[in-house]
Every structure is written in C-alpha cells, then in structure tokens.
Amino acid sequence: MVTFPGTCDDRDAIRAVEICGGEAVPLWHGDDDLRQVDGVFLPGGFSYGDHLRCGAIASHSPVMAAVRDFAAMGGPVLGVCNGFQVLCEAGLLPGILQRNHHGRFNCLEADLVVERTAAWTGDAAPGTVLRVPVKHGEGAWYAPDDAVERIEASGQVVLRYADDINGAAGRVAGVCNEAGNVFGLMPHPEHAVDPLLGSTDGRSIVGGLVGLAAVVGT
Amino acid sequence: MKVTVLVRPKDGILDPQGEAIDRSLQGLGYASRGVRAGKVFDLELDAATAADARKAASELADAVLANALIEQFEVIVHDG
C-alpha cells in the first residue's frame, strides 16, 4: 500500500485488503524498494497536492521506479482514482485522466459493467454490474482515437460506466495494460467492501488484487 | 538563465476549464468567443548559452511539465 504525501484513501484501502484476506504492507513515496510485497495498491487522494497535473509528480517519485520494475516482472499493480492517474502519468497504463467534461465534481455511486472476464474483477462474467462509489473531478479517461481502438481490440477495457458520468472515451472506467498485470480505475472499490456502506461489490476488485498477489507469493 | 515554458491544451483536445471560463466571461457580459486555458512556468535555469537553456527546458517540459497526450508546449528563452 503506497502512501504519497496527499494520499487520503490508504487507510480504507488497507482495511479493504484485510477484509479480502490480504495482508497490507505500508510503503512510503520515498521508499526505493517494495519490501518483497506480492502486489501493489496505489490508493486515491491528491498526491503532492495534484500540482502540475493529477498524479504527475507522484509518477516521478522513488517508489514508482520500484513499482515500474515490479510491473515489468509481471507483478500485479492496482491503481484507484489518483493511483490510476499516477499509473497513466507513469506510462504504465494507456491514456490520461482529463477534467470531467461537464466541469463538475462527481460524487455518486456508479454502475460499472464488467467488460470481460478477468482476475481483476474476481472472474465475474461479462455484463455483470458492480455498484462502486466514485469521487473525482478529473476522471474522464482519454486516449487518441487510434489508441482507443487498439485498447478496445486487445481487450484492455475491463470496466465501463453504465452511464456517461464524466465524458470518458468509450465510457471507460477501468483499463489494464497489454500484459494484464497493471489495472487502474477511477471508482473506489475500497469504499464498497462493507454491507454497512451499501455495497460490497468492491470486494471483487480488491479481492482480485489479493488473489493475483497470492499467486505471485506461491 | 530565465526561461518561460507555456503549456497549452493541444488543438482539438477538449478543455473543460477553458469552456467554463468562456461561459463565465460571456455571463459577465464580456465579448468572449472561446477560451483555451493553459499554464505558464517561469524558470531560472543553470545554462551557459541560450541554446543550452532551450534544450534543457524542452527536455524538462517534455518529461514533466507537459503531457504530450493532451498538451503542447512552447519554450521562450530570455537571453540577456
């Protein structure tokens, strides 16, 4: 669990990982090694105040060099919200997150449609709808048209918004890299793991990371 | 050496910030007919020549200040 200065969802995310049967190891932005973790979670927040662009400065931090190496070796990496933005800025995921096209902050529960069967969504069948909270001002995923075509064709779109809530290209809510071991999404699965809060659908995503990490660990 | 880097949204890329400013200006009665919002970075660089400063500024703008997917940048060297 990586904490940057300005990260604010790391404690919820640690709790979610534990609910899903994982063990969370705290990592700091200045760390240059990952303490032999089997998976990486980049949680949401406002890393380095989101100055310059969301996630831009964090993408150059020491810990991200280690995350880059880890991802290159096939290690599972999950980025949520600001974590997704960091992964895009780092070039580990395609595209970038733009300001919501309607110009307003989104604070709502979104229905996410599972696009294809993947470990990242607990092997849920395509068409399964997950209800997960979103809270973002810069959540509109963008990539040039030819890149979007390529990403769609190679099955990298994992989750799509049921409704267009922010102007994202192709209503993309979550996308993975070509190898499939790095996944980022704007919605917050770590806020949807306890029945008290209305939905436990986030467990399939956080559990997806825990499951992939368990494979690495064996 | 003083260098200015201007970062703008690329042509054709949606700029919700500029659009919101445009709408507000129109609402205030100004004759605004389109706004594109960018950023200005005034840098003080350690460089021997203007060419060196331009090269260094272009490198850091490309690597950090601008994201080439949606932004373009321009470097202005204030020589002397």
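Tell me, yes or no, whether segment A:148-167 has at least one residue that is farther than 19 Å from residue B:16 by Cβ, outside any strand (DSSP E or B), within 11 Å of chain B (Cβ to nearest Cβ) and not basic (Lys, Arg). Within segment A:148-167, not a single residue is farther than 19 Å from residue B:16 by Cβ, outside any strand (DSSP E or B), within 11 Å of chain B (Cβ to nearest Cβ) and not basic (Lys, Arg). Of the residues that sit in segment B:40-79 and are within 11 Å of chain A (Cβ to nearest Cβ) and loosely packed, with under 15 Cβ neighbours inside 10 Å, which one is farthest from residue A:56 (Cα to Cα)? Among them, the one singled out is B:68.
When the criteria are applied in full, residue A:86 meets the requirement of being touching a helix residue (DSSP H, G or I) at 6+ places or on another chain (Cβ under 8 Å) and either under 30 Å from residue B:38 (Cβ atoms) or not basic (Lys, Arg) (or both).
With assigned to a strand (DSSP E or B), closer than 23 Å to residue A:177 by Cβ, within 14 Å of chain B (Cβ to nearest Cβ) and not aromatic (Phe, Trp, Tyr) as the only criterion, which of A:112, A:97 stands out? Working first, answer last.
Values: A:112 fails: within 14 Å of chain B (Cβ to nearest Cβ).
Being assigned to a strand (DSSP E or B), closer than 23 Å to residue A:177 by Cβ, within 14 Å of chain B (Cβ to nearest Cβ) and not aromatic (Phe, Trp, Tyr) holds for just one of A:112, A:97, which is A:97.
The residue pairs whose first member lies in segment A:71-98 and is in contact (Cβ under 8 Å) with a residue 40 or more places away in the chain, whose second member is assigned to a helix (DSSP H, G or I) and charged (D, E, K, R), and whose beta carbons are closer than 7 Å, counting only pairs six or more residues apart or on different chains, are A:80/A:190; A:92/A:68. From the residues in segment A:68-94 that are within 11 Å of chain B (Cβ to nearest Cβ) and assigned to a helix (DSSP H, G or I), which one is surrounded by the most Cβ atoms within 10 Å (Cβ to Cβ)? Filtering first and then ranking leaves A:85. Across segment A:24-65, which residue is nearest to the other protein chains (Cβ to nearest Cβ) among those that are touching a residue at least 40 places away in the same chain (Cβ under 8 Å) and in a strand (DSSP E or B)? Once the filter is applied, the top-ranked residue is A:42.
In segment A:15-44, of all residues being in contact with an Asp or Glu (Cβ under 7 Å, 6 or more places away or on another chain) and within 18 Å of residue A:92 (Cβ to Cβ), the one that is surrounded by the most Cβ atoms within 10 Å (Cβ to Cβ) corresponds to A:43.
In this structure, residue A:162 does not qualify as modelled with pLDDT of 95 or more, buried (at least 19 other Cβ atoms within 10 Å of the Cβ) and either over 12 Å from the mean Cα position of the chain (by Cα) or within 16 Å of residue A:19 (Cα to Cα) (or both). Specify which of the listed residues (B:18, B:12, B:34) is among the small types (Gly, Ala, Ser), within 14 Å of another protein chain (Cβ to nearest Cβ), free of Cβ contacts under 8 Å to residues at least 40 places away in the same chain and not in a helix (DSSP H, G or I). Criteria check complete, one pass: B:12.
The values are calculated or read from the model by the stated rules, or taken from the named source; none is laboratory data. Predicted model, so just to flag it, every value in this text is computed and none were measured. Neighbour counts are summed over all protein chains in view; Cβ atoms, including those assigned to glycine, are modelled from backbone coordinates with ideal geometry.
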